[in-house]
1. Mind ranking 34-42, 50-58, 126-134 by how tightly packed they are, going by the mean number of other C-beta atoms within 10 angstrom, highest first?
2. Which three numbers, in whole Å and largest first, are the semi-axes of the equivalent ellipsoid of the range 27-165 derived from its Cα gyration tensor as √(5λ)?
3. Suppose the chain between ASN53 and GLN143 were pulled fully straight at 0.36 nm per residue; how much longer would it get relative to their current alpha carbon spacing?
4. Starting at the first residue of the range 82-98, write each ³J(HN,Hα) from the Karplus equation 6.51 cos²θ - 1.76 cosθ + 1.60 with θ = phi - 60°, in whole Hz, x for Gly and Pro.
5. By how many nm would the segment from ASP80 to ARG38 lengthen if fully extended, with 0.36 nm per residue of separation less the alpha-carbon distance?
Amino acid sequence: MVQPAHRVFLLLACLAAFCGSVCAQTEKTVTIRMLDSRTGLLIATADFLVRVNHEPTVHGDWVKQNEEGTGKLTLPNDADVISIHATYNSAMSIYANCDAVKDRGTSERAASPDRWYSVSAILKSGVLAPNDCAGKKVPDRLQVAAKPGEFVFFVRKLTVLEQSQE
């Protein structure tokens, strides 16, 4: 026969496990790899600009840099789509995302128009954004894959002409 003290302990343990699973469902975590469009090397930064659900608010503090240089992005549970950019030169310049190079000049931000990516697709199978900066024949060093829960995208620094237009 189970003693009353053991019942209380068992009840508390079950309650703690339930609360832990509910709390875990309030956030979504994505690993971000930002790669140089020419070399394929990881660009380690914590200076990401994240937008969710087509909202204009930019969240610069949602990404924490991991030890290996990737970023850990914590999203709210209601995030359906994300758009990510990053800055350099002490946050004075924004990298041009290579997934939207063909669209330059079609939006207010000529160098880096927003592309939106499904959070559920990133969590389920991973997303590798296209590298339109590499040209038609992609070198082997730029052929990478995204793992489930990972968003990988290519960037380049702005040209002098693009910087003067900002």
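No value in this document is a laboratory result; all are computed from the given coordinates. The model shown is predicted, which means the values in this text are computed figures rather than measured ones. Cβ sites come from the backbone with ideal geometry, for glycine too, and all protein chains shown count toward neighbours.
1. On the way: 34-42: 17.0, 50-58: 13.7, 126-134: 19.0.
Descending packing order for the listed peptides: 126-134, 34-42, 50-58.
2. Details: eigenvalues 92, 65, 44 Å².
Computed over the range 27-165, the values are 21, 18, 15 Å.
3. Details: separation 90, 0.36 × 90 = 32.40 nm, distance 2.89 nm.
Gain in length upon complete extension: 29.5 nm.
4. Each residue of the range 82-98 in turn: 10, 10, 10, 10, 9, 10, 9, 6, 6, 6, 8, 10, 10, 4, 7, 6, 7 Hz.
5. Working: separation 42, 0.36 × 42 = 15.12 nm, distance 3.04 nm.
Net length gain for the segment: 12.1 nm.
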